[in-house]
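The values are calculated or read from the model by the stated rules, or taken from the named source; none is laboratory data. Since we're looking at a predicted model, the values are computed, not measured. Cβ sites come from the backbone with ideal geometry, for glycine too, and all protein chains shown count toward neighbours.
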Amino acid sequence: MKSSLFGFDFTRYSQLGAYLDGCMRKKRILIIDNESIALASARQILQSDGYEVFSHPKGFTATEVARQLVPDLILLDVNRPDMTGEKLFAVLRANDTTRDIPVVFWSTDREEIVRASAKRFGARGYVIKGSIALLRQCVAQVVGEGTLHSNSGTSPRTGGGGATY
């Protein structure tokens, strides 16, 4: 039965309101990285771009944080001492709550290694640490525009690369 008063469908209004609230809230990004300098740098950059940024240093408990937060994007450090990024990615994909959250691999490894790993595991993209412009571009493409473009390339200033799939 519809909730209506004088022909006005409040059910539709509440669904529209929920949709608009989702569009207007800041996009949430969870950074999973144990390197404090890289973490602080990425946090500062992404917060200045208007994102709500959360961070967590430990792989084993990061899945619980992701389940509670349900971010719009997870920026995942691939080289972790406690659990590899690939293994953590598999754990996130195995959970119903976190399965569909876009994940971008983030690493200091050579670009071809990170690119191959991101493609093999099905991550939404990758960014080489230190490439500020490509970090911003990749995050904006994944959470902002909703359309993904392959823009692998090298930054003239940092030498780092990145792409979204």
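When the stretch 93-104 is examined, which residues are found to be more than 15 Å from Ser117 (Cβ to Cβ) and either out of contact with any helix residue (DSSP H, G or I) (no Cβ under 8 Å at 6 or more places or on another chain) or surrounded by 21 or more Cβ atoms within 10 Å (Cβ to Cβ) (or both)? If the condition is that a residue be more than 15 Å from Ser117 (Cβ to Cβ) and either out of contact with any helix residue (DSSP H, G or I) (no Cβ under 8 Å at 6 or more places or on another chain) or surrounded by 21 or more Cβ atoms within 10 Å (Cβ to Cβ) (or both), then Ala94, Asp96, Thr98, Asp100 are the ones that fit. Residues in the stretch 24-65 that are charged (D, E, K, R) and more than 19 Å from Leu135 (Cα to Cα): 3 in all.
Here Asp21 does not fit the description of being of a type in the set (Asp, Glu), modelled with pLDDT of 90 or more and over 13 Å from the mean Cα position of the chain (by Cα). Scanning the stretch 59-90 for residues that are among the β-branched types (Val, Ile, Thr), crowded, with 22+ Cβ neighbours inside 10 Å and at pLDDT below 95 gives a single hit, Val78.
Just give me the residues in the stretch 91-130 being farther than 16 Å from Asp33 by Cα, part of a loop (DSSP other than H, G, I, E, B) and modelled with pLDDT under 90, in sequence order. Across the stretch 91-130, the qualifying residue is only Arg110. For first residues located in the stretch 50-73 and in a loop (DSSP other than H, G, I, E, B), partners that are among the hydroxyl-bearing types (Ser, Thr, Tyr) and lie 6+ apart or on another chain with Cβ distances below 7 Å form the pairs Val70/Thr97. Scanning the stretch 121-135 for residues that are surrounded by fewer than 20 Cβ atoms within 10 Å (Cβ to Cβ) and small (Gly, Ala, Ser), we see that the one that is nearest to Glu111 (Cα to Cα) is Gly130.
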